[in-house]
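The values are calculated or read from the model by the stated rules, or taken from the named source; none is laboratory data. As the structure is a prediction and not an experimental result, all values here were calculated from the model. Methodologically, a virtual Cβ is constructed for each residue, glycine included, from the backbone with ideal geometry; neighbour enumeration extends over all protein chains shown.
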Amino acid sequence: MGLPMAQSLQNGGVKTVGFDIRRGNDFGSVPMEFAPDEFARDLTAMFTVVRDERETDALLFDDQRILSHAPALEYLVICSTLSPRYVIDLRSRVPQHIQMVDAPMSGAAVAAREARLSFMIGGEQHIIDELMLHFAAMGDSFHLMGKLGSGMTAKVLNNLVAAASVAATRTALEWADHNDLPRDQLLQVMRRSSGQTWFSSQFGEIEFAQDGYADDNTIGILAKDVAAAFSAAPQGASPILTDALIATIRGLEPTQ
């Protein structure tokens, strides 16, 4: 997600530099830095698009320690999908002079490439207004959810529903194969009937739609997001739904 988002920022006229710990990748036209101090020296706004809380801690405080190398940093925008509780706690760990916004996005890599991501944004309105040029370069739908952490809460709840559609669609297609039912025709039925979902309607375009579960792929991230969603549940809420979704997602095998 990070690379096409950076490319969209470039295309929107925003001076953009990427940071990654992997030097071997093809980053196209995006100028890159691989040394944290070089990347952060003149940084004024940073959008983080790493996998999880461990990588966020590594980026900000531990391995790369970007915050300690960024004297000019004014804005920190958390775009990764994380636990809302983690994001709220992050405010107390980030220097107070740095303005924070949580802005997770939806739409998968295809929407990132086409600059039509949907952002769920939490934070103070005047800070969001100052960053709208950046968001507008990457997306076409902006949902202002409230205070810091509310964007993340909206995202994990959205992903809970998305995960249910992934689990149900993949299970239905597996059962269709077992019954010699053409999956393309079943997907066409879903698109025009009550089984219509984001996942089933774009099954042929979503790059991870037929992947199996792995800890480091998008299906694995989806299982992580379901666990993050449960952190937003009321105290005493039943984990039956989230546990079943995680188990189903972790059991997915690659399909063709």
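In segment 166-190, the qualifying residues are those that are within 13 Å of residue 252 (Cβ to Cβ) and in contact with a Phe, Trp or Tyr (Cβ under 7 Å, 6 or more places away or on another chain), and the one that is surrounded by the most Cβ atoms within 10 Å (Cβ to Cβ) is 166. Scanning segment 68-90 for residues that are crowded, with 16+ Cβ neighbours inside 10 Å and farther than 18 Å from residue 154 by Cα yields a count of 5. Just one of (1) of a type outside the set (A, V, I, L, M, F, W, C); (2) closer than 21 Å to residue 85 by Cβ; (3) under 16 Å from the mean Cα position of the chain (by Cα) fails for residue 238. It is (3).
Taking the criterion of being among the charged types (D, E, K, R) and over 22 Å from residue 44 (Cα atoms), the residues of segment 90-130 that qualify are 113, 114, 116.
Return yes when residue 33 is among the charged types (D, E, K, R) and within 17 Å of residue 151 (Cα to Cα) and no when it is not. No, not satisfied. Could you identify the single residue in 72, 58 that is over 26 Å from residue 218 (Cα atoms), in the same structural domain as residue 137 (by TED's automatic domain parsing) and either at pLDDT 95 or above or polar (S, T, N, Q) (or both)? None of the others qualify; the one that does is 72.
Pairs meeting the criteria (first residue in segment 98-114 and touching a residue at least 60 places away in the same chain (Cβ under 8 Å), second residue surrounded by fewer than 19 Cβ atoms within 10 Å (Cβ to Cβ) and in a strand (DSSP E or B), beta carbons under 8 Å, at least 6 apart or on different chains) are 105/118.
Search segment 54-67 for residues being surrounded by fewer than 14 Cβ atoms within 10 Å (Cβ to Cβ) and of a type outside the set (Lys, Arg), and hand back the single one that is farthest from residue 101 (Cα to Cα). Lay out the reasoning, then the answer.
Filtering segment 54-67 for residues surrounded by fewer than 14 Cβ atoms within 10 Å (Cβ to Cβ) gives 54, 62-63.
Remaining after also requiring of a type outside the set (Lys, Arg): 62-63.
Numbers: 62: 21, 63: 23 Å.
Among them, the one singled out is 63.
Just to check your reading of the model, which residue among 219, 246 is under 21 Å from residue 113 (Cα atoms), crowded, with 18+ Cβ neighbours inside 10 Å and among the β-branched types (Val, Ile, Thr)?
On the way: 246 fails: under 21 Å from residue 113 (Cα atoms).
One residue alone meets the criteria, 219.
Considering every residue within segment 26-35, establish whether at least one is polar (S, T, N, Q) and out of contact with any strand residue (DSSP E or B) (no Cβ under 8 Å at 6 or more places or on another chain). Steps first, answer last, please.
So in segment 26-35, the residues polar (S, T, N, Q) come out as 29.
Imposing the further condition that a residue be out of contact with any strand residue (DSSP E or B) (no Cβ under 8 Å at 6 or more places or on another chain) reduces the set to 29.
Among the residues of segment 26-35, at least one is polar (S, T, N, Q) and out of contact with any strand residue (DSSP E or B) (no Cβ under 8 Å at 6 or more places or on another chain), which makes the answer yes.
Within segment 180-188, does at least one residue satisfy the condition of being under 23 Å from residue 220 (Cβ atoms), part of a helix (DSSP H, G or I) and not basic (Lys, Arg)? Walk me through how you get there before you give the answer.
Let us first name the residues in segment 180-188 that are under 23 Å from residue 220 (Cβ atoms), namely none.
No, segment 180-188 contains no residue that is under 23 Å from residue 220 (Cβ atoms), part of a helix (DSSP H, G or I) and not basic (Lys, Arg).
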